[in-house]
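Undergrad: My questions will all concern the structure given below.
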Ligand code: 13P
């Protein structure tokens, strides 16, 4: 089955507004034939309206890196799904490992955010991935299994078909230690197996699963050649125009 292929740049907490503008402009102008691939930017929430405006006439989609799940209220410092949709976002990144491990986000919160995304017509890009100690204790599959079951709890099959999953092993994020294509492929197969258990093989086959964790122009090819790797969620290497352009034009 032809799954959507997606290359996303997670800009995390980087860039002044001027730097975000330059980055967006450079990438948009440098886009060649996307070969049907989708390109997504996740800028700082403060920069999102400006970047959406710049991306309007391009094929690039924009999302935010986090949101709260309530629609409105006394939640100082948070942004709601209503606001994310209203500003014109297509995607919402949910459950990134930095949200889970720096800010204490639980599977239950991830699930509430996934529900909120569907309630407001946003596409959730749901991140899962194990810590180094979990990999060393041979628990990677178990961790990813429970993160997926948590994220998709009470999500219908019809809704799940619109999701995107990103497998990001925490030990590979920002460390320069990329998973080998074999390790990544085996975890992506595991993600599909769990999704098939929750829903069906057809649905599992239709959900794009991106790899994230130290993806660079010089390692993306081996990863992207794998059957179950449908693109990349890129941190550091998405902050430079040329390296991101090199990544999205792989293969
Ligand atoms: P790096 O590409 O910097 O390792 O970050 C990966 C990531 O966390 C993307 O969401």
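Derivation of every value follows stated rules applied to the coordinates shown; laboratory data play no part. Source: prediction; values computed, not measured. In this analysis, Cβ positions are derived from the backbone assuming ideal geometry, glycine residues included, and neighbour counts consider all displayed protein chains.
Undergrad: What number, rounded to the nearest 500 deg cm²/dmol, is the helix-based mean residue ellipticity at 222 nm of the chain, given -39500 (n - 2.57) per DSSP H run of at least four residues and division by all its residues? Each step should come with its number before you reach the end.
TA: Values: 12 runs with 104 residues, N = 251.
Rounded to the nearest 500, the figure is -11500 deg cm²/dmol.
Undergrad: Would you order 167, 68 from fewest to most other beta-carbon atoms within 10 Å of each residue's own beta-carbon? Don't skip to the end; give the middle numbers.
TA: Values: 167 27, 68 19.
With the sparsest Cβ surroundings first, the list reads 68, 167.
Undergrad: Right, here's the next one. If packing is taken as the mean number of other Cβ atoms within 10 Å per residue, what is the order of 170-182, 24-36, highest first?
TA: Most protected by this proxy first, the peptides run 170-182, 24-36.
Undergrad: Could I ask something else about it? Could you give the length gained by full extension between residue 25 and residue 13, i.e. 0.36 nm per residue of separation minus their alpha carbon distance, to one decimal place?
TA: Details: separation 12, 0.36 × 12 = 4.32 nm, distance 1.87 nm.
Residue separation times 0.36 nm, minus the Cα-Cα distance, leaves 2.4 nm.
Undergrad: Here's another thing I want to ask about it. May I ask you to derive the relative contact order of segment 3-106, considering only C-alpha pairs under 8 Å and at least 6 residues apart, and to give it as an integer percent? The partial results should precede the final answer.
TA: Values: 133 pairs, mean separation 24.3, N = 104.
Value for segment 3-106: 23 percent.
Undergrad: Could you grab the relative contact order for segment 132-251? Cα pairs under 8 Å, six or more apart, rounded to a whole percent. Spell out each step's value before the answer.
TA: Working: 164 pairs, mean separation 31.2, N = 120.
Relative contact order here is 26 percent.
Undergrad: So what is the relative contact order for the chain, in percent, with contacts set as C-alpha pairs under 8 Å and at least six apart?
TA: Worked out over the chain, it gives 21 percent.
Undergrad: Moving on. Whole percent per 10 Å bin, from 0 to the bin with the longest distance: what is P(r) over all C-alpha pairs of the chain?
TA: 7, 34, 39, 18, 1
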